[in-house]
Structure formats: structure tokens, C-alpha cells
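Structure record follows, encoded as C-alpha cells.
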Amino acid sequence: MIRFPPLTVPSFLHPTIEAWVVWLITTFISIPAAFCTMFIDAPYALACNLFAPEPKSIVITGASSGIGASLALTYAKRGVTIGLLGLDSMYEWLVVVRIIRLLYLTYILYNAQQVAEVVRSRRASAEVLVCDVADTDKLAQILEEFDDQHNIDLLFANAGQLGHTIDTDKEWEDHWDRIVDVNFIGAVATAMTGFKLMENRRNRRGGQIAITSSLSGYFFLPQMAYYNATKAALISFGRDLRYIGRPHNIKVTVITPGVIDTRMTADPHQPFSMPRWLLTKPERLAKIIKRRLLYNPATIAYPFTEYLASWVSQSLPTALLDDATWLVGKVSSSLSRTGSRGFS
Ligand SMILES: NC(=O)c1ccc[n+]([C@@H]2O[C@H](COP(=O)([O-])OP(=O)(O)OC[C@H]3O[C@@H](n4cnc5c(N)ncnc54)[C@H](OP(=O)(O)O)[C@@H]3O)[C@@H](O)[C@H]2O)c1
């Protein structure tokens, strides 16, 4: 039997070969594929937007503020029932905090009760579902009860927390546990409970599940390592769930927003605060999501410029990406009060 010697490439050639491979793929596969998509996908998307039925029963986790609240308001219209799930923090009942809230900007201050009132004012039905998504048993029970009454058409696994930057002075479990429980386990539990409910429907009616990940799952500030890791895991999970769901007519989309102007990005403990005028408004993102979900795309990445930046960074040879990551970490660390010491 002929034995071929192992194919080895000298390591100093790796960056050059990577760059050439990316160039070849981009030129001969991605660009032609993008043109084909334009001719096949665009008319399909247009037809779906004109004729596809809109969901009548929707559940949104993390609906008390930001992207979730904007989604609820975007879908709110006569004949639609929306389940708004959030922690619905106790400060709702504290008079002092209520007064402080009045001084704040309104978009930061939604909680599920207030969102429900606005949804009802638009003639839709709203139910507030109070639950910590990390409490998976209670979450399943709440979703099952809602589904019994309303048959969920569209489920958003959207709740998430930013958490902290990596601080080597503290025990890593203190930060990591909660972020994984909420961002990953909570989102997976939401999606899988919905999946099970939709799987058993008669006539393969199925349903739709949208999982909010983040562009940071591809590439972002290295200081947010825990957050980024949970979002990267969600991209992978959602992509695979989409194919598992196909035979059951369950549509799964992963949403990867860039930097959006919400309570999360207003948090002074986040590693890098961008000027607010640079951030995308959650209302704009919610409209894009609603329009695109009608034609069941695998991912919804928005805004395009940030998606492009993360895509380009992924295409860099690894040696260059390594340096770019270091530079991004160093710049953001020097600009923020809470940056990781590892970069300063
Ligand atoms: N803002 C961005 O730039 C950005 C970018 C990419 C991805 N995302 C993702 O988008 C999603 C929504 O974030 P956002 O920007 O809209 O932030 P946000 O305004 O802080 O909203 C987060 C929502 O999640 C809920 N939530 C947090 N922990 C929860 C838990 N354990 N159980 C149930 N609900 C919980 C919050 O409920 P309470 O108000 O009741 O606490 C709130 O409604 C998150 O998954 C986030 O990671 C955001």
C-alpha cells in the first residue's frame, strides 16, 4: 500500500495561504452567490412581506426594556396577543425610584407592566409573565400555560445580561455562573421549551423561534469574554436547531445585533461606552427583525456596517486578527473606567 507523507506547510507561509484562500473564496464563491441570492431571495422576501401571514400569538423574553420592549411595540396591533416575560424588578413599586425614573429617558425605563400598557393602547392583548429565565422549571411551566391558551406562533428568546468584564482579582465563578445561566441556559431553555410545544402541533403547523445572540459572538471587545462566549455559543446552537426544526416546520433564526441604544449599553460598568448618537435605536432594529422574520432567514445581522466589520475581521489571517484583537482591547481599556487590567 502506498503511504503518502503528511501534507505539511511551513508555518511562515500560513498567513499568506490563509489570505489567498479567503480571497479565492470571496471572489469565486461569495460574490457570485451574493448575486444569485439577489435574484432568487429578493423576490421571495418581497412576496413574503406582502402575503405571508403575520404571527398572532407571540412571547418575548426580556420584554421589559430595550430590544424586547421595542419588538413588543412593533408587533402590537389588533388581534395579536403578546406575552411579555421579564424579571420585572421590584423597583416598579418604589415611589422614590419612580420619581427618578421620570427624570430618566423613557426608553431606558420600560418594564414589563409599562410595556403591556402601551401594547394594550395599540389594541393588542398583553400578558405580563414574571420569571427569571435561569429558573428553567418555572420558565417551562409559564410557557406551557401561555401556549395552552394562545398557541405560540413566534417565540423570542431575547433576555440577556451584559455582566462584567474579566477582573482577575475576583473569583471567576462569581461572574461566569450568572451570565451562562441567563444568556445561554436561559435562552436554550426558552427555545427548547418552545420547540417541544411547536413540534407536537397537528398538521405540522410548527412555529417560529428567534434567538437573540450578538455580533459580539463573531468578534468584539475581548474584555467581554464571558458575554461574547455565551453569544458565540448561541449562534452555534441556533444554527443547528434550525436544521433540527426543519422537518417539523419549526423556523429558527439567530438575531445578531450590533451595538444598540438600550439600558445594556447605557450601563456605566460596561467596558467601552460609545457616543449615543452612534448607536442604532432598538425601534429601528425591531422593525427590521419583524420584516425579515417573515421570510425565515437563518440570521438577521444589523446594522450592516458593524456586521461587515466583524465579517472582515474574521477573514483576516489569524496572526493579524490576533494583533487586531489586542489593539481593540487596549484602546477600549484605555477609554473606559472599567477595562480589564490585562489590557492596560
Ligand atoms: N444592546 C445591545 O447593544 C445588544 C447587542 C447585541 C445583543 N444584545 C442582546 O439583546 C438582548 C436584549 O438586550 P437589550 O439591549 O434590550 O438590554 P436590556 O434593555 O437590558 O434588556 C434586557 C432584558 O432582559 C431581561 N432579563 C435580564 N435578565 C433576565 C432574567 N434572568 N430573566 C428574565 N429576563 C431577564 C431584562 O428584564 P428586567 O428589565 O425585568 O430586568 C430586560 O427586559 C440581550 O440578549 C442582549 O444580550 C444587545
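Bear in mind that the values in this text are calculations on the coordinates, not laboratory data. Model, not experiment: these values are computed from the prediction. Don't worry about glycine lacking a Cβ; one is built from the backbone with ideal geometry, like all the others, and counts go over all protein chains shown.
For residue 320 and residue 137 in one chain, what is 0.36 nm times their gap in residues minus the Cα-Cα distance, to one decimal in nm? If you can, show how the numbers build up before the last one.
Working: separation 183, 0.36 × 183 = 65.88 nm, distance 4.50 nm.
Additional length available on full extension: 61.4 nm.
How much FRET efficiency would the formula 1/(1 + (r/R0)^6) give for residue 145 and residue 56, where r is the Cβ-Cβ distance and R0 is 25 Å, rounded to 0.05? Don't skip to the end; give the middle numbers.
Values: r = 18 Å, r/R0 = 0.71.
In this case the efficiency is close to 0.90.
Using θ = phi - 60° and the Karplus form 6.51 cos²θ - 1.76 cosθ + 1.60, what ³J(HN,Hα) does each residue of segment 188-196 get, whole Hz, x for Gly and Pro?
3J(HN,Hα) across segment 188-196, in whole Hz: 5, 4, 4, 4, 6, 5, x, 4, 4.
Going highest first, how would you order 187-199, 234-246, 18-30 by mean Cβ packing within 10 Å? Write down the numbers at each step before the final one.
On the way: 187-199: 21.5, 234-246: 17.2, 18-30: 12.3.
In decreasing order of mean packing, 187-199, 234-246, 18-30 become 187-199, 234-246, 18-30.
Could you tell me how many degrees, from 0 to 90 and to the nearest 10, lie between the Cα long axis of helix 14-25 and the main elongation axis, the longest principal axis, of the Cα atoms of the chain?
60 degrees
Note the angle between two axes, namely the Cα long axis of helix 136-150 and the longest principal axis of the Cα atoms of the chain, as a number of degrees from 0 to 90, rounded to the nearest 10.
60 degrees
How far apart, in nm, are the 7 Å Cα→Cβ label points at residue 46 and residue 240?
Distance between label points: 3.9 nm.
For the peptides 280-288, 130-138, 208-216, what is the packing order when you average, over each peptide's residues, the other Cβ atoms within 10 Å and list the highest mean first? Mind showing how you got there, number by number?
Numbers: 280-288: 18.4, 130-138: 16.9, 208-216: 25.0.
Per-residue Cβ counts within 10 Å, averaged per peptide and sorted highest first, yield 208-216, 280-288, 130-138.
If amide H atoms are built 1.01 Å from N in the plane of the peptide, which residues on other chains or at least 5 residues away come under 5 Å of the amide H of residue 207?
Close amide H contacts, sequence-distant or interchain: 250, 251.
In sequence order, what are the phi-derived ³J(HN,Hα) couplings for segment 284-291 according to the Karplus relation 6.51 cos²θ - 1.76 cosθ + 1.60 with θ = phi - 60°, rounded to whole Hz, with x for glycine and proline?
Karplus values, whole Hz, x for Gly and Pro: 5, 4, 4, 5, 4, 4, 4, 5.
For the pair residue 305 and residue 26, how long in nm is the line joining their label points, each one 7 Å along Cα→Cβ?
Result for the modelled spin labels: 1.9 nm.
In segment 109-129, whose amide N lies under 16 Å from the spot 7 Å out along Cα-to-Cβ of residue 281? List them in ranges.
109-110
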